[in-house]
1. How far apart, in nm, are the 7 Å Cα→Cβ label points at His57 and Glu171?
2. Quick check: pseudo-label points 7 Å beyond the Cα along Cα→Cβ at Glu197 and Arg229, how many nm apart are they?
3. Need the full-extension length gain, Leu48 to Glu279, defined as separation in residues times 0.36 nm minus the C-alpha distance. One decimal, nm.
4. Which distance in Å, rounded to a whole number, links the C-alpha centroids of the stretch 61-90 and the stretch 224-278?
5. Sort Glu41, Glu355 so the one with the fewest other Cβ atoms within 10 Å of its own Cβ comes first.
6. For the chain, set up a Gaussian network in which alpha carbons nearer than 10 Å are linked by springs, and say which option among Phe283, Phe215, Phe309 fluctuates the most.
7. What is the Cα centroid distance between the stretch 285-358 and the stretch 1-39, reported in whole angstrom?
8. Applying a 10 Å radius around every beta-carbon, put 104-115, 335-346 in order of their mean neighbour count, most first.
Amino acid sequence: MKMVFRWYGEGNDTVTLQQIKQIPGVEGIVWALHDVPAGEEWPMDKILDYKSKADAHGFHLEVVESVNIHEDIKLGLPSRDKYIENYKKTIEKVAKVGAKVICYNFMPVFDWIRTDLFHRLEDGSTALFYEKAKVDDMDPMELVRKISDNPDFTMPGWEPERLKHLSSLFEAYKNVTEEDLWSNLQYFLEQVIPVAEANDIKLAIHPDDPPWPIFGLPRIMTSQENLRRLLKLVDSPSNGITLCSGSLGANPRNDIVGMVREFADRIPFAHIRNVRVYENGDFIETSHRAADGTVDICGIVQAYHESGFQGYARPDHGRHIWDEQCRAGYGLYDRALGIMYLWGIWDSLERNKQEVGA
């Protein structure tokens, strides 16, 4: 397991590379050009600037998250081909600075959805929270205003240039079914996977967050069965999964441990985090400690270990603790604690393996 840490870039993150360097076992940063609109080709000078900053602290740039998919690709519009060509060129460019994995998602309109970015937990910390009844009754524009109320940082998946066309986007998706979305995803993958293969890069789709339809929009990366179908769309080692235990874990019916064991050789990137799911369908993000949430973090790490996992992992979202002022879900302290918890499980499994083999 190779530990990495998501970093949003200089001037766009409260966490510094020097601070990340002090977290044991972190070898690379998970990066992206967040100021480049979805669909545009990434400029090489900006990519090289990121590389110079990473190099100065001894980090690699092997995991990119995310090269976002333009909505025209998801909608299957004739204009999708030009955006797919830009995507191919970006794959080739990030490969030149050592990228091995590109995480992306295929969620219509919205990326992750939460109703409260700083919901208070019993211990006084705050975390990302999803209130099912509120989403069921909410006008999507109200949610946009809530997320946009956090103007100090970019919010991936909530880019202003995209959301200002929200009404027309909803209209465009009005007659798009799940099968349409599957067809459009297959078209995209058939075009870009050969380029990924040629550049020794694995594309790794992120599950829908949360894993069910929102505001009447179709969602397809929601279950073990659907991930199985994804891998068959284009049967290539370069067509993979970013297995996010928190996203999929919001639905208690999802067997994350089973997914790790089934798809291990097609998971180049793992997001390992915990959520606590309530009987009414609400959920809140918790510490990584298994006992604090609903997700079997210990079982998940054990499944990765027993599968011989050699891919990349990151702690994903964390709580906001010790009065840290940071981007929602992306502070330093709780993610660092999460890494040490994951290393603790992993190192114990390594020790047991050595003792059994002795």
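A short reminder: the numbers here are calculations on the coordinates, not readings from a lab. Computed from a predicted structure; not experimentally measured. Glycine also receives a Cβ, built like all others from the backbone with ideal geometry; neighbour counts cover every protein chain displayed.
1. In this crude label model, His57 to Glu171 measures out at 4.5 nm.
2. For Glu197 paired with Arg229, the spin-label model returns 2.4 nm.
3. On the way: separation 231, 0.36 × 231 = 83.16 nm, distance 4.77 nm.
Extra length from Leu48 to Glu279 when fully extended: 78.4 nm.
4. The distance from the Cα centre of the stretch 61-90 to that of the stretch 224-278 comes to 22 Å.
5. Least crowded to most crowded, the residues run Glu355, Glu41.
6. Phe215
7. 17 Å
8. Details: 104-115: 21.2, 335-346: 19.6.
Top of the packing list down: 104-115, 335-346.
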